[in-house]
1. Please go through the range B:223-274 and give me each residue that is among the polar types (S, T, N, Q) and within 17 Å of A:V124 (Cα to Cα), ordered by number.
2. Would you tally the residues in the range A:20-47 being in contact with a Ser or Thr (Cβ under 6 Å, 6 or more places away or on another chain) and within 19 Å of A:Q178 (Cβ to Cβ)?
3. Output the residue which, of all residues in the range B:245-275 that are in a loop (DSSP other than H, G, I, E, B) and charged (D, E, K, R), is farthest from B:S230 (Cα to Cα).
4. Would you be able to say whether some residue in the range A:28-43 is modelled with pLDDT under 75, of a type outside the set (K, R), surrounded by 16 or more Cβ atoms within 10 Å (Cβ to Cβ) and closer than 23 Å to A:A241 by Cα?
5. For A:Q101, work out the one condition from (1) more than 7 Å from chain B (Cβ to nearest Cβ); (2) of a type outside the set (F, W, Y); (3) farther than 18 Å from B:F147 by Cβ it doesn't fulfil.
6. Residues of the range A:36-50 being within 13 Å of chain B (Cβ to nearest Cβ), part of a helix (DSSP H, G or I) and under 15 Å from A:V233 (Cβ atoms), which ones?
7. Note down all Cβ pairs under 6 Å where the first residue falls in the range A:21-49 and is free of Cβ contacts under 8 Å to residues at least 40 places away in the same chain, the second is part of a helix (DSSP H, G or I) and exposed (fewer than 15 other Cβ atoms within 10 Å of the Cβ), and they're at least six residues apart or on different chains.
Amino acid sequence: MWDTIIVQPFTNLLLLITMLVNNFGIAIILFTILIKLITYPLTAKQLKSSMAMQDLQNDPQYKKTMEKYKDNKEKAAEAQMRIYKEKGVSPFGSCLPTLIQFPVILGLYQGIMRVMASTPLELVKLERLVYPFLDVNKILPIQNRFLWMDLGQPDRMLIGSIGIPILAILVVITTFIQSKIMQPPTQGGANDQSAAMNSSMTMMMPLMMGWMAYQFSAGLALYFLTSNVTTIVQYAAMGRADWSKILPWVQPKETGKITPVIDLEDDDDEEEEQEVVKTVKPSARSAAKRKRPKRKK
Amino acid sequence: MALLVLAGAVLTGCAAGVRAESTPGVTVTDDYVYVAYMNSLYQLDRLNGSQVSIFPEKASANLAMYAPPVAENGYVYFGDLANEFHKATAGNLTQMVWTFDQARGWFQAKPALAGDIVIAPSTDRNVYAIRTESGNLDWVYEGEYAFIAEPVIVGDKIIVSAQDRHVLVLDRISGQELYRTEMTGAVLSAPLYDVETGSVFVGSLGREMISFDLETGAVNWVYGEGKDLSTVWATPILLDNQLIFTDTSGKIIALDPKTGEELWQNHAGGRVIAGATLVEDKGFLVAREDGTMTFYALTQGGDWTVTVPGNIYSKPIVGGNQIFVPVVKADALLYTYSTSGVPGWSFSPAK
């Protein structure tokens, strides 16, 4: 079932591209970019949703409400849902696109692994996956050589007698860049824990991906690298990349502005004065749905 | 980010440890049976299947072996997926004589001994000739694609199947390519050499079986065009002046080895990857992918069929009156039968 619906179409698409460009390395790159483009609307939706959630976490009104009901979980949840509704933010908005993308990523990975068949048994299995209109005899053998790499083997560029894992190094760098520019802005207080987690993830993920790229075949590492670069480009195209996090000479992205406190709450807030707070730029949708603020004198 | 973490975790889980999937590589000698599978090479007593020794002593997730070893004069030669090729003492696999580590690809093919060198094809596109005494490299032939089939040694010539739609004939002493015979598809199995006629027979994924003269390289005949043949994965056999082979659809075809003329055709009743196996002077076996193994006797009434509990992708091996069947997706790695189809011992590694 999984093979028929997900793996088989991905494998055949990759084989078709390989036949067209007659180069497995370029086929992996094109295939990864193509799948990333197809899933772009989902990625964009997921990013927008998670950004809107971040906006909300930093919203003074939200913070104030949470603080107010910190001893009453039921009321806090009720108020939280009310704010979500008011702001037009869905707490599950970033989960669904993620869940839909997950089988696609797995299918992409498994498709590449199947096409890189290197044992007779793997070749038998690959032959069975190939659609009849793609003549297996014209496809096999697949030329695994690409630039200095053997895509079926872990990448080591020989410099003298030392094998340098160029792809693994590039995967570490691009995963780090990706993690860093996608990292949400750090805030104090309640977000300390999540900021710490994000920070350790930014260090752990590149190492984990780098280890995988070092250990496994170059074809898979090439996929990791292409995927990372495509994600960075997509993120930058959405205007969400904060390059100042990795390039010190770049001006930090504008993340703060003065916003008036929005009073959705009870009368006991009346005595409060206008607060000057920093917030992450709210999404267009949440801004449009926002209630007209009341300025208090 | 969460997606990346989740995908990373799943990918790590999927890809950790052994990086390739294959069938057990089995070699049978007078006293022992060697089984290379996943993280170990097992040495078994041929009579009862009990384990004599194992390499390595402690299994490592980073080491995998599928290539059948070759054993001669008290030594065993075998390669692994960690790009190393070893010579060990036949009585105890952990007693290593030397290890050759200059390859940059896996050793998946069964090696072949040619006097004082061992020929080891690798997936790094090279065929290595290693000196049996020292483990030093004698020569290396650089090809275009990964080599996964066992080479055949005939006098001073080495015949190697290549995935790049060729059969190569190399000089045993220098490793120089003498000539190559063009095929229409990738050649995944070892060729068959007929001493009597000096011909080589080999099938390919190009839906063909060809015969060429080893001395001159001249093609004798090609069978396949307009014959509704599927891909041919396995080495053919010669029996009773007939060249017998199977295609993946399950067709069993007999040709005149001199002319390539079709003599008869039968059907195994299911997909066949492993091909036909010769049972000397008695007949031949055809093992279907689904585990159904049939013996076709030369004499009438001698046929039998058994169901091996597993999938068969590599040729059963016949040694004396025993048949050894390597399987996957089964409780055991190896099942044995007598040449009359009576089940014998089976081997499953200790957990």
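The values are calculated or read from the model by the stated rules, or taken from the named source; none is laboratory data. These figures come from a predicted structure and were not determined experimentally. When we count neighbours, we look across all protein chains shown, and the Cβ atoms used for this are built from the backbone with ideal geometry, even at glycine.
1. Selection gives B:S230, B:T231, B:T235, B:T246, B:T248, B:S249.
2. So the answer is 5.
3. Top of the filtered list is B:K258.
4. Within the range A:28-43, not a single residue is modelled with pLDDT under 75, of a type outside the set (K, R), surrounded by 16 or more Cβ atoms within 10 Å (Cβ to Cβ) and closer than 23 Å to A:A241 by Cα.
5. (1)
6. A:K36, A:T43, A:L47
7. Once the first residue is free of Cβ contacts under 8 Å to residues at least 40 places away in the same chain and sits in the range A:21-49, its partners that are part of a helix (DSSP H, G or I) and exposed (fewer than 15 other Cβ atoms within 10 Å of the Cβ) give A:A27/A:V21.
Conditions tested, residue by residue: (1) buried (at least 22 other Cβ atoms within 10 Å of the Cβ); (2) out of contact with any Lys or Arg (no Cβ under 9 Å at 6 or more places or on another chain).
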| residue | (1), (2) |
| --- | --- |
| B:G185 | yes, no |
| B:T197 | no, no |
| B:V200 | yes, yes |
| B:G217 | no, no |
| B:N220 | no, no |
